[in-house]
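These notes concern the structure reproduced below.
The values are calculated or read from the model by the stated rules, or taken from the named source; none is laboratory data. Bear in mind that the values here come from a model prediction, so they are computed numbers and not experimental data. Neighbour counts run over all protein chains shown; Cβ positions are idealised from the backbone, glycine included. Remember, those area values only see protein heavy atoms, side chains included, never the ligands or the DNA or RNA. Shrake-Rupley method; radii C 1.70, N 1.55, O 1.52, S 1.80 Å.
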Amino acid sequence: YYSVISEIAGSCYDGTSGIEKVEIRLINTTDNLAYFGSEGWKDQAVYGSSWVIVNNVWHSSWSYTIPIIFTSGKRYEVTSRAWDVAGSSETPAEIPVYDLWFRYDDTKPDSQITLPAQPSPTLIRYYWNLPTISGTAKDNPVPEPAASGIDEVKIAIQNKSIPGPNNWWGGAAFNSPQTWFVATGSTSWIYPFSNANWTDGQVYLIVSQAKDKAIPPNIETTFTVGINSVTFVCDKSSPISRVTWPPELFVTNTLTTISGTSSDVLVHDNASGIRETQVSIYCLAPSTGWWNGINFTGDTQQWFTATN
């Protein structure tokens, strides 16, 4: 697979009169098109194929450097033939169906981060435990074998809570310019990252970048929020709840409501907030037991979701 073709080159030799010219035949076998030099590509079924004269010929080598428009995902066959100064060319029996074939792939691959997830550009996720970063990647164009395939995926991690530009993960701390690290895998990939490296209350950006197997490789350069550019907040702090009703040592013959408060803003301003509060009730006397939703005969503690 090639992403750039600046020339088609080869070797030639004639031990008597010398090489007078070299020609090439180039076929797009995917679309059944033949290359006709300055006339471009034509339907091979209608026009057949054409031998195009090479513009650079030396004693033992040649090079065709006139620009050719190739199409990504297509398969090409190229054949050469030489003529000597005496006017003889290689015989039909000496010319193969093609000398070599290749595919053209100048389309960049795509990657996606699936963990941490960012459901939309405006919705930020909170994580207290994130020991791995993972995702997927695909090469273009599709379907196979039009594309060369994924060679590797890299990621870079930025702590947006630290003033930049040297706030990217450098391997030991968030103190470097943007640095890329190779993940394990290709179409599915994973990158281990110690949970100890995340700091409570900090905002992080993770970007992924895929590279394909073409020569030279096509590298992903477009970053889309929520796909290969994901932001999340680290929230390791535990929330706090308080029972405000009934009060301590309260004596009553009826209790229809238990109420209280919950908060998640004690450590930092980037807390994820309260999702739900649960209540568990235990009877101390005259008999003991946990409330199970019907009575206080439960042997194990049960939690019930309160209404906000």
Discussion item. Just the residues that are surrounded by 17 or more Cβ atoms within 10 Å (Cβ to Cβ) and among the hydroxyl-bearing types (Ser, Thr, Tyr), please, taken from segment 130-157.
Written reply: Ser134, Thr136, Ser148
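Listed here are the residues, each with its yes/no results for (1) among the hydroxyl-bearing types (Ser, Thr, Tyr); (2) at pLDDT 85 or above.
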| position | (1), (2) |
| --- | --- |
| Val233 | no, yes |
| Ser241 | yes, yes |
| Gly260 | no, yes |
| Glu276 | no, no |
| Val279 | no, yes |
Fill in: The listed residue being touching a Cys at 6+ places or on another chain (Cβ under 9 Å), buried (at least 18 other Cβ atoms within 10 Å of the Cβ) and among the polar types (S, T, N, Q), out of Ser60, Ser80
Ser80
Worksheet item: Of all residues in segment 117-149, how many are touching a strand residue (DSSP E or B) at 6+ places or on another chain (Cβ under 8 Å) and assigned to a strand (DSSP E or B)?
Response: 10
Worksheet item: Which residues, counting only those in segment 285-301, are assigned to a loop (DSSP other than H, G, I, E, B), in contact with a strand residue (DSSP E or B) (Cβ under 6 Å, 6 or more places away or on another chain) and within 27 Å of Ser262 (Cβ to Cβ)?
Response: Asn292, Phe296, Gln301
Item to complete: Would you be able to say whether some residue in segment 199-217 is open to solvent by 70 Å² or more (accessible area, probe 1.4 Å) and touching a residue at least 60 places away in the same chain (Cβ under 8 Å)?
Response: yes
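Could we say that Thr179 is closer than 24 Å to Pro121 by Cβ, of a type outside the set (Asp, Glu) and surrounded by fewer than 16 Cβ atoms within 10 Å (Cβ to Cβ) here?
No: the conditions fail for Thr179.
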Practice prompt. Scan segment 1-55 residue by residue and report those that are in a helix (DSSP H, G or I) and either at pLDDT below 95 or not small (Gly, Ala, Ser) (or both).
Written response: Glu39, Gln44, Val46, Tyr47
Discussion item. Among the residues in segment 79-87, are any assigned to a loop (DSSP other than H, G, I, E, B), at pLDDT 95 or above and closer than 30 Å to Pro143 by Cβ?
Written reply: no
Discussion item. Based on this model, can you work out whether Gly164 counts as open to solvent by less than 50 Å² (accessible area, probe 1.4 Å) and not polar (S, T, N, Q)?
Written reply: no
Worksheet item: What pairs come up if the first residue lies in segment 105-121 and is more than 17 Å from Glu152 (Cβ to Cβ), the second is surrounded by fewer than 19 Cβ atoms within 10 Å (Cβ to Cβ) and aromatic (Phe, Trp, Tyr), and their beta carbons are under 8 Å apart, counting only those six or more places apart or on different chains?
Response: Pro116/Tyr127
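Residue-wise test of (1) under 30 Å from Thr184 (Cα atoms); (2) open to solvent by 80 Å² or more (accessible area, probe 1.4 Å); (3) in contact with a Gly (Cβ under 9 Å, 6 or more places away or on another chain).
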position	(1), (2), (3)
Glu220	yes, no, no
Phe232	yes, no, no
Arg242	no, yes, yes
Asp264	no, no, yes
Val279	no, no, yes
Ser287	no, no, no
Item to complete: Taking the residues in segment 31-54 that are farther than 24 Å from Glu94 by Cβ and of a type in the set (S, T, N, Q) as candidates, determine which candidate is surrounded by the fewest Cβ atoms within 10 Å (Cβ to Cβ).
Response: Ser38
Worksheet entry | Test: residue in segment 17-30 that is surrounded by 12 or more Cβ atoms within 10 Å (Cβ to Cβ), within 27 Å of Pro141 (Cβ to Cβ), in contact with a helix residue (DSSP H, G or I) (Cβ under 7 Å, 6 or more places away or on another chain) and not basic (Lys, Arg) | yes
Worksheet item: Within segment 94-109, is even one residue open to solvent by 80 Å² or more (accessible area, probe 1.4 Å), under 30 Å from Thr16 (Cβ atoms) and in a helix (DSSP H, G or I)?
Response: yes
Worksheet entry | Among the residues listed as Ile150, Ile133, Ile124, the single one being at pLDDT below 95 and aliphatic (A, V, I, L, M) | Ile124
